[in-house]
Amino acid sequence: MLSIVSQIKIAAAQALNHLFPEANVTDEVITVNETKPEFTGDYTVVLFPFVKSLRQNPAVLGKALGDYLIQNNPIFTAHSTVAGFLNLTISDNYFASFLNENYSVKDFGRKESNGKKVMIEYASPNTNKPIHFGHLRNNFLGWSVSEILKASGYDVIKANLVNDRGIHICKSMIAWMRYANDATPESTGIKGDHLVGDYYVMFNDVYKQEVADLIAQGKEKEVAEKEASILVDAQDLLRKWEAGDPEVYRLWQTMNNWVYAGFDVTYNKLGVDFDQMYYESNTYLLGKEIVQEGLEKGILFKKENGSVWIDLTADGLDEKLLLRADGTSVYMTQDLGTARLKYNDYKMDTSAYVIADEQNYHMQVLKLILQKLGEPCAEGIYHLSYGMVELPSGRMKSREGTVVDADDMIAEMVRLAKEQTEEAGKTEGFTEAELEHLYNMVGLGALKFYLLRVEPKKKMIFDPKESIDLHGFTATFIQYAHARICSILSKNDIAYGPVSIGKDPLLQLEKDLLLQIEQYPAILEQAAKEYNPASLCNYAFRIAQTFNSFYAQHSIANAESEEKKQLRLMLATMTANTLQNVMALLGIEVPNKM
């Protein structure tokens, strides 16, 4: 069944072509908006594009088009023209038919397969530290976009590229070698990723002190920063790792395995999953091969010190390092290898990278290099860039130990959910297990929704208490609306039979709710096109608001007639289904009682 907007566009184009044979109008050029609240009508056709070409007065054109639509299409019942805008009223019977057909359809809005394949790469953690709060927007954005695309008919592969090698990993390793006294997660009782992260912070503290000591001995700052012994040892460790030193490799595997075990616990708490794992330790060599191929083709060049570069100055960029003078790879080297490997594995139409806007330039360069190298994966690369998240206290820095770990943020959100529920006296009738599940549902839902409700490209500040406000633009507000509907439905029997409008026309809030629910497939399609969960956050909030307004003014159990009661029960059922479906695409559960 076509959406109302699509039907209006088709009907308006056909009408214009009938009324004005020279018009040659297609439905793609018809603009349809929701009618503004101060005017009568449901949807508005913008007439201005046709006024000049058809040499018509807007009021005359609007009346001719409106009259024709009403006479020839039963979904329209009234029209009015205001300053170049044709406002159309949709038949109540159309909405009754829509409700009868769809109110019990659990997957309303989901599309059949379109045959297109998309890989979404997100998370991409480093194995020198735990997943922290700054990573959460990335994780939630990647997971949600994946689910939105799936619901829109795409074949989606959720991928995670683990940054498991490089100098930052060696920094944690060398600090552990120097100061850990063989400490393990088991011996310390510390979660593996947290333990390794502690040594990354320790490296930075020691490095700063060593640099200060060298400066005090008379060294220039730049020299001191290069000669600090802990950094020299870490660089030596990286060379040994790339050379395949067995002892270094064993320690690297051991410490990474501690981190992976910790990551798994956190991913499980977050409700985040992956279809394919990639590791930079497996892709950097492929990247080196690509660099060698580029040298042989004359696309890349070597400098006197043996480092390999590409000159992008003709493209308005700069020269880019692809291989260091000592033969070790840089991020770009392994990204080239990973891009080829991913494409060879899946031959996807689009390869989307969920990466913060700090890497906009890096992603621009990656795509350009792959294009110059003639890699088939190049054209499908899409950078889903997002703004960084800060706390009210400011920006977080891993190396300085000022980050908030994801595990701690989850625990804090669950604590806030518990505190709010207990203060409101809403714990009656729940078992302890049910309450624990509810606190997790509300706390994690608040966290996800707050980080997804802002357009991805915008930077944001996360306020934990604001995120869980029962009366704000929050998941909590939507979850409570869903629980309220479930309570209503549990107390009233629904006939599961077709309803008609009968003698009672649709009230404005009933129609508003139906109009919004009917738009869901189009809203979902737009969210998929834009890779933007924020539009679904806004949509779910509007539906919850409209239902609350409707329920505050109109009784369901004591409706004016049995037919009206059944219509409202069906409307409540479809509202609950829609809220549940939308929130599921955001990774958020909605409770049946709250």
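Listed here are the residues, each with its yes/no results for (1) under 39 Å from the mean Cα position of the chain (by Cα); (2) among the aliphatic types (A, V, I, L, M); (3) assigned by TED's automatic domain parsing to the domain that holds residue 440.
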position	(1), (2), (3)
227	no, no, no
230	no, yes, no
246	no, no, no
256	yes, no, no
261	yes, yes, no
265	yes, yes, no
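Taking the range 524-565 as the range and being part of a helix (DSSP H, G or I), buried (at least 16 other Cβ atoms within 10 Å of the Cβ) and either among the acidic types (Asp, Glu) or at pLDDT below 95 (or both) as the test, the residues that pass are 525, 563, 564, 565. Residue 317 meets each of the listed conditions (1) assigned to a helix (DSSP H, G or I); (2) free of Cβ contacts under 8 Å to residues at least 60 places away in the same chain apart from (1).
Can you name the residue in the range 385-396 that is touching a residue at least 12 places away in the same chain (Cβ under 8 Å) and more than 21 Å from the chain's Cα centre (by Cα) and is also surrounded by the fewest Cβ atoms within 10 Å (Cβ to Cβ) among such residues?
Across the range 385-396, the extreme among qualifying residues is 392.
May I ask you to list the residues in the range 40-50 that are surrounded by 17 or more Cβ atoms within 10 Å (Cβ to Cβ) and either under 23 Å from residue 508 (Cβ atoms) or at pLDDT below 95 (or both)? Of everything in the range 40-50, those that are surrounded by 17 or more Cβ atoms within 10 Å (Cβ to Cβ) and either under 23 Å from residue 508 (Cβ atoms) or at pLDDT below 95 (or both) turn out to be 41, 42, 43, 44, 45, 50. Screening the range 320-344 for residues that are out of contact with any helix residue (DSSP H, G or I) (no Cβ under 7 Å at 6 or more places or on another chain) and among the charged types (D, E, K, R) and picking the one that is modelled with the lowest pLDDT gives 324.
The set of residues from the range 292-322 being touching a Gly at 6+ places or on another chain (Cβ under 9 Å), farther than 18 Å from residue 238 by Cα and buried (at least 16 other Cβ atoms within 10 Å of the Cβ) comprises 300, 308, 310.
Within the bounds of the range 495-507, is there any residue that is assigned to a helix (DSSP H, G or I) and outside the structural domain of residue 143 (by TED's automatic domain parsing)?
Going through the range 495-507, the residues assigned to a helix (DSSP H, G or I) turn out to be none.
Among the residues of the range 495-507, not one is assigned to a helix (DSSP H, G or I) and outside the structural domain of residue 143 (by TED's automatic domain parsing), which makes the answer no.
With respect to residue 347, is the statement that it is closer than 30 Å to residue 456 by Cα, crowded, with 16+ Cβ neighbours inside 10 Å, out of contact with any helix residue (DSSP H, G or I) (no Cβ under 7 Å at 6 or more places or on another chain) and not hydroxyl-bearing (Ser, Thr, Tyr) true? No; evaluated as a whole, the condition is false for this residue.
Out of curiosity, is residue 274 surrounded by 18 or more Cβ atoms within 10 Å (Cβ to Cβ) and part of a helix (DSSP H, G or I)? So residue 274 fails the test. Contact map, the range 87-108: residues that are closer than 17 Å to residue 75 by Cα paired with residues that are among the acidic types (Asp, Glu) and part of a loop (DSSP other than H, G, I, E, B), Cβ distance under 7 Å, separation 6+ or inter-chain. Pairs shown: 88/42; 89/42; 90/42. Tell me which residues, restricted to the range 497-531, are in contact with a strand residue (DSSP E or B) (Cβ under 9 Å, 6 or more places away or on another chain) and more than 22 Å from residue 92 (Cα to Cα). Answer for the range 497-531, where residues must be in contact with a strand residue (DSSP E or B) (Cβ under 9 Å, 6 or more places away or on another chain) and more than 22 Å from residue 92 (Cα to Cα): just 531. In the range 365-377, the qualifying residues are those that are at negative phi and without any contact (Cβ under 8 Å) to a residue 24 or more places away in the chain, and the one that is surrounded by the fewest Cβ atoms within 10 Å (Cβ to Cβ) is 371.
Residue by residue, here is whether (1) more than 41 Å from the chain's Cα centre (by Cα); (2) polar (S, T, N, Q); (3) buried (at least 19 other Cβ atoms within 10 Å of the Cβ); (4) over 14 Å from residue 511 (Cβ atoms) holds:
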residue	(1), (2), (3), (4)
53	yes, yes, no, yes
60	yes, no, no, yes
65	yes, no, yes, yes
68	yes, no, yes, yes
71	yes, yes, no, yes
74	no, no, no, yes
81	no, yes, yes, yes
99	no, no, yes, no
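Residue count for the range 345-374 satisfying the condition of being under 27 Å from residue 296 (Cα atoms), assigned to a loop (DSSP other than H, G, I, E, B) and among the aliphatic types (A, V, I, L, M): 1. At least 1 residues being among the hydrophobic types (A, V, I, L, M, F, W, C) is the threshold, and among the helices (runs of 4 or more DSSP H) wholly inside the range 165-256 those reaching it are 167-179, 192-216, 221-227, 229-242. The requirement of being part of a loop (DSSP other than H, G, I, E, B), of a type in the set (Phe, Trp, Tyr) and under 20 Å from the mean Cα position of the chain (by Cα) is fulfilled somewhere in the range 116-132, by at least one residue. So is residue 458 over 25 Å from residue 585 (Cβ atoms) and out of contact with any Ser or Thr (no Cβ under 9 Å at 6 or more places or on another chain) or not? Answer is no for this residue.
In this structure, is residue 284 over 27 Å from the mean Cα position of the chain (by Cα), modelled with pLDDT under 95 and in the same structural domain as residue 165 (by TED's automatic domain parsing)? Before you say what the answer is, go through the steps one by one.
Working: over 27 Å from the mean Cα position of the chain (by Cα): yes; modelled with pLDDT under 95: yes; in the same structural domain as residue 165 (by TED's automatic domain parsing): yes.
In short, yes.
For every residue, the table says whether it meets (1) out of contact with any Ser or Thr (no Cβ under 9 Å at 6 or more places or on another chain); (2) among the aromatic types (Phe, Trp, Tyr); (3) without any contact (Cβ under 8 Å) to a residue 24 or more places away in the chain; (4) not in a loop (DSSP other than H, G, I, E, B).
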{"position": "383", "(1), (2), (3), (4)": "yes, no, no, yes"}
{"position": "414", "(1), (2), (3), (4)": "yes, no, no, yes"}
{"position": "419", "(1), (2), (3), (4)": "yes, no, yes, yes"}
{"position": "436", "(1), (2), (3), (4)": "yes, no, yes, yes"}
{"position": "442", "(1), (2), (3), (4)": "no, no, no, yes"}
{"position": "466", "(1), (2), (3), (4)": "no, no, yes, yes"}
{"position": "470", "(1), (2), (3), (4)": "no, no, no, no"}
{"position": "480", "(1), (2), (3), (4)": "yes, yes, no, yes"}
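The values are calculated or read from the model by the stated rules, or taken from the named source; none is laboratory data. Remember, predicted model here, so these are calculated numbers, not experimental data. Positions of Cβ are generated from backbone atoms using ideal geometry, with glycine treated the same way; all protein chains shown enter the neighbour counts.
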